[in-house]
Amino acid sequence: MAQDIRIVTEAQLRQALPLDLAAVEAVEGAFAALAKGGVVMPPVMSMDLAAAHGEVDVKTAYIPGYDGFAIKVSPGFFDNPKLGLPSLNGLMVLFSARTGLVQALFLDNGYLTDLRTAAAGAVAARHLAPSRVTTAGVMGTGVQARLQIAAAHLVRPFARVLVWGRDLARAQACAADIARDLGVEARAEADPARLVRDSQLVVTTTPAKTPILRAEWLHPGLHITAMGADQAGKNEIQPTALAAADLYVCDRVSQCETLGELRSARASGDWTGATPPELGAVVLGRSPGRGSEDQVTIADLTGTGVQDTAIACHALPRLGDAGSVIRA
């Protein structure tokens, strides 16, 4: 029997679906659902394509009560900028949670992944960052550097941004974009230690395989969202920092143990403590978040399938007549 399938392009999704508080709340609801139980979320299927300096991740999740579930294919090829191409690409397929039939094909080129990843950073900042942030720092100069700062600004408005990157010119360009888009003071910072020292909120957004943020840079009143380590072999935060923090939170412990900063900390022997809490439990109030303004907190975000289902389900009713419909 033929069925209608909506096909939507990146441009159409960008027009209909901005990075706003509604997107943040959609992703926050997915984390809460994950903590409540009943979610079906298989392990990430991940391929490391070293010869091409690339990787491919496939993620999905079924969330009770949601009308659909998404399957997302997300390639990242990090030499692409040399060719004038974006590093990230991909698509999402939204299926009916009742019948399993395809509802929509989002040819988003990674836009929905970018959106839900930034929204997760905002959820972490909302529940773990100090109540007052005057300066935010970002380590990295790509798309997520810009989006993570924009998302954090939704929940912790700040007046100044510092940007560090291995390429100073790219850091300067990133800072100029942030200043223009958010209407804040933003500048490149050549010294990563000084960036951390002068910030109350820091987001790391790189594919680094050796730490770019060191434990001795931690200071009272600091929150770090580490979102670059999403595959075995990546490591942005010095492992001793996790143990030194007052609170370390995972988006999903089982993923962080294999893909995130927790993997490195366990491998080095620097994390020997109890299983860390998950962000969804903090959202629900089942685990404590920041206990005081002086605490040091770290959120380890590896990217979960519930985020993909949440953003796809959030997108569909907001598209109006956008896209084309085929019968298949």
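Throughout, read-outs are computed from the coordinates displayed, never taken from laboratory work. On a predicted model such as this, the values are computed, not experimentally measured, just so you know. Reconstructed Cβ throughout: ideal geometry from the backbone, glycine too, with neighbour counts over all protein chains shown.
Things to note:
- Cα-based helix-to-principal-axis angle, 111-128 vs the chain, degrees rounded to 10: 40 degrees
- Of all beta bridges that DSSP places with both ends in the chain, some 50 percent have antiparallel geometry.
- Gaussian network model of the chain, Cα within-10 Å springs - most flexible of 123, 40, 253: 40
- Taking 234, 82, 36 and counting other C-beta atoms within 10 Å, the order from fewest to most: 82, 36, 234
- Spatially close Lys pairs in the chain, defined by Cα atoms under 26 Å apart and a spacing of eight or more places or different chains, total 11.
- Degrees separating the helix 21-36 axis from the principal Cα axis of the chain, which is the longest one: 90 degrees
- For residue 61, distant residues with modelled amide H under 5 Å away: 70, 309
- Taken about its Cα centre, the chain carries a charge dipole of about 180 debye when Lys and Arg each add +1 at the Cβ and Asp and Glu each add -1 at the Cβ.
- C-alpha long axis of helix 168-182 to longest principal axis of the chain, angle in °: 70 degrees
- Relative protection proxy for 18-29, 187-198, from highest mean packing down: 18-29, 187-198 (other beta-carbon atoms within 10 angstrom).
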